[in-house]
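A.B. asks: Shown below is the structure under consideration.
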Amino acid sequence: MEKFPDIDIKTRFLVLSLDAGWTSTRISDQLQVSLRTIQDWMKKTNQGKDIRKVGEGRGKKASIPSTLKDKIARQGREAPLKSSTRKIGIKYDIGKSSSNRILIEKGFEYKKVESVYKLDDFQRNERINFCKDMTKWRGRKIHQTFFSDETGFWLSEVYNKKAWQKLNHKVTIEKPKKDVKINVWGAISSNGATSLEIFTCNLKAPKYQEILETHFQEMQELYEGDFYFQHDNHKSHKAVESWMDNYGFNKIKFPSYSPDLSPIENIWATLKESVAKDQPKSERQLVKSIRLNWAKITSVEKLRPYLENLYTRYKLCIDIEGEIVDY
């Protein structure tokens, strides 16, 4: 069947069912059509019906009034988690596919929801104070700060999970024989980035202190000694803050639950996308890909867009009274 990709799906079904004598399950797998639909076509075919003909009353669908479309869109806005196409169809006596089509027409997209932490008054005030401090003197402090963080890469997860595929041709990927996790630490600034620290152990205070000692000189060289340093409130970070003060780090007090206020979160997303394109198959390949892609995306020119919008992001956070900012 692959030789005739332009033949319509129902004709292909008839050939496989009547001429080749395939089972409904095998046809369903081959045509990527639900088993229930295939079984329905088989039943009608056995009754002598031509499934390719559109039955009476099944031609052009009745148009749905714009007022009803507006009601469906309003429900999608006001109760997004409760607005499945099935429930909308039942409520307004229309088909599930019609509900789906209307929501798309009205600018909705069915995608994964984002989990966010509900901030209390104290946390919002912390965020506002941080943003006010960072935006003083037209955001001078933003451009004197290293934003640091850690993240992890599982070998089994760093690959593109979607690909364009023809109907009867599945794109496959090779799974690693042994899964491994690689942890990384890095810091970015307007003057450049540190080299990437790669490790496999869990991040505890002694390891974190070792990382900071290793990369302190890099940060000094990029700023000729004077820079600010940001990290989040991870327990391993808090455990070494007294040592950091004595060692020479000029720390910034960073608010809790605020990944949206650190540009390195966006860098991690870009890095993971880049590594996924390399499709590493071993720990060695994974580490190599991480290092090469970090170097590519952290040149001063590549970092500029991630840092230039921080002033606007912090101002927005102040304007919305410390709530989470889309990043």
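Every number in this text was worked out from the coordinates using simple rules, so none of it is lab data. On a predicted model such as this, the values are computed, not experimentally measured, just so you know. Please note: Cβ atoms are built from the backbone with ideal geometry, for glycine as well, and neighbour counts cover all protein chains shown.
A.B. asks: Where does helix 205-223 land angle-wise versus the long Cα axis of the chain, in degrees 0 to 90, nearest 10?
C.D. replies: 80
A.B. asks: Obtain the nm distance between the two label points defined at Leu292 and Val15 by a simple spin-label model: each point lies 7 Å from its Cα along the Cα-to-C-beta direction.
C.D. replies: Output for this residue pair reads 4.3 nm.
A.B. asks: Once you charge only the Cβ atoms, +1 for Lys and Arg and -1 for Asp and Glu, what is the size of the charge dipole of the chain about its Cα centre, to the nearest 20 debye?
C.D. replies: Dipole of the chain, to the nearest 20 debye: 2220 debye.
A.B. asks: My understanding is that a pair violates if its Cα-Cα distance is over 25 Å; which of Lys91/Lys111; Lys87/Lys112; Lys82/Lys277; Lys181/Lys207; Lys177/Lys207; Lys238/Lys281 do that in this structure?
C.D. replies: Violating the 25 Å limit, Cα to Cα: Lys82/Lys277; Lys177/Lys207; Lys238/Lys281.
A.B. asks: Give the residue from Gly95, Thr45, Val33 lying farthest towards the positive end of the charge dipole for the chain; charges sit on Cβ (+1 for Lys and Arg, -1 for Asp and Glu) and the dipole is referred to the Cα centre.
C.D. replies: Selected residue: Thr45.
A.B. asks: Would you compute, from DSSP H runs of 4+ residues alone, the mean residue ellipticity of the chain at 222 nm, taking -39500 (n - 2.57) per run and dividing by the full residue count, rounded to the nearest 500?
C.D. replies: -14000 deg cm²/dmol
A.B. asks: Let me ask you something else. For the chain, give me the percentage of DSSP beta bridges that are antiparallel, rounded to the nearest 5 percent.
C.D. replies: Around 75 percent of the beta bridges assigned by DSSP in the chain are antiparallel ones.
A.B. asks: What FRET efficiency do you get for Phe108 and Asp326 if R0 is 22 Å and r is their Cβ-Cβ distance, rounded to the nearest 0.05?
C.D. replies: 0.80
A.B. asks: Under 18 Å from the 7 Å Cα→Cβ point of Thr200, by amide nitrogen: which residues of region 137-156?
C.D. replies: 151-156
A.B. asks: Quick one: if you stick a label point 7 Å off each Cα along the C-beta vector at Gln217 and Ser156, how many nm between them?
C.D. replies: Placing both labels 7 Å beyond Cα along the Cβ direction yields 4.0 nm.
A.B. asks: Largest first, please: the extent of the C-alpha atoms of region 121-319 along each principal axis, to the nearest Å.
C.D. replies: 59, 38, 34
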